[in-house]
Amino acid sequence: MKKKVMIVDDQPGIRLLLEEVLKNEGYEIITAENGKQALDKVLTTEPPDLIIIDYKLPIMDGSTVIKELDARGIKTSVIIMSGLAEEAIREKDNFDMVKDVFAKPFNIEDARETIKKIVEASD
């Protein structure tokens, strides 16, 4: 069965880039453009193996999504993307589900390798 990765970012270019790279790796991709949309999708379908989420999002930010998932006992692995890496790193320290932080702009090849390791570890 294909591993499922959710990409959550309000910038379409970042969503599309990650989607293209990860589809080429054989992952099933789900996208969302804000935190509320992401949370709704996770709660109404089988949770993905990994959520890659921007820290600053409209409607509901990445931090709130992580707290909501944790409160509901959903332990999906998470990577936070952020131009504000220091704030995002604090989230990594607070939640076991946060496996890494990608400081924007990030190297797509490094990101691909990290994503692959995290998804494979979720078996």
(message) Yes or no: the stretch 55-63 includes at least one residue that is within 12 Å of the chain's Cα centre (by Cα), assigned to a helix (DSSP H, G or I) and of a type outside the set (Phe, Trp, Tyr).
(response) yes
(request) Scan the stretch 1-36 for residues that are within 17 Å of residue 63 (Cα to Cα), part of a helix (DSSP H, G or I) and touching a strand residue (DSSP E or B) at 6+ places or on another chain (Cβ under 8 Å) and jot them down. (result) 35
(request) Would you mind stating whether residue 48 is part of a loop (DSSP other than H, G, I, E, B) and buried (at least 17 other Cβ atoms within 10 Å of the Cβ)? (result) yes
(request) Might you let me know whether the stretch 93-106 holds any residue that is under 17 Å from residue 27 (Cα atoms) and surrounded by fewer than 18 Cβ atoms within 10 Å (Cβ to Cβ)? (result) no
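Here is a yes/no grid of residues against (1) in a helix (DSSP H, G or I); (2) at pLDDT 95 or above; (3) of a type in the set (S, T, N, Q):
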site	(1), (2), (3)
41	yes, yes, no
68	yes, yes, no
78	no, yes, no
106	no, no, no
115	yes, yes, no
(request) Being touching a residue at least 60 places away in the same chain (Cβ under 8 Å) and of a type in the set (Val, Ile, Thr) is the filter; apply it to the stretch 1-32 and report the residue that is surrounded by the fewest Cβ atoms within 10 Å (Cβ to Cβ). (result) 21
(message) Exactly one of these conditions fails for residue 101: (1) farther than 14 Å from residue 14 by Cβ; (2) in contact (Cβ under 8 Å) with a residue 40 or more places away in the chain; (3) aliphatic (A, V, I, L, M). Give me its number.
(response) (2)
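The values are calculated or read from the model by the stated rules, or taken from the named source; none is laboratory data. Everything numeric in this text was worked out from a predicted model, so none of it was measured. As a convention, Cβ positions derive from the backbone with ideal geometry for all residues, glycine included, and neighbour counts pool all protein chains shown.
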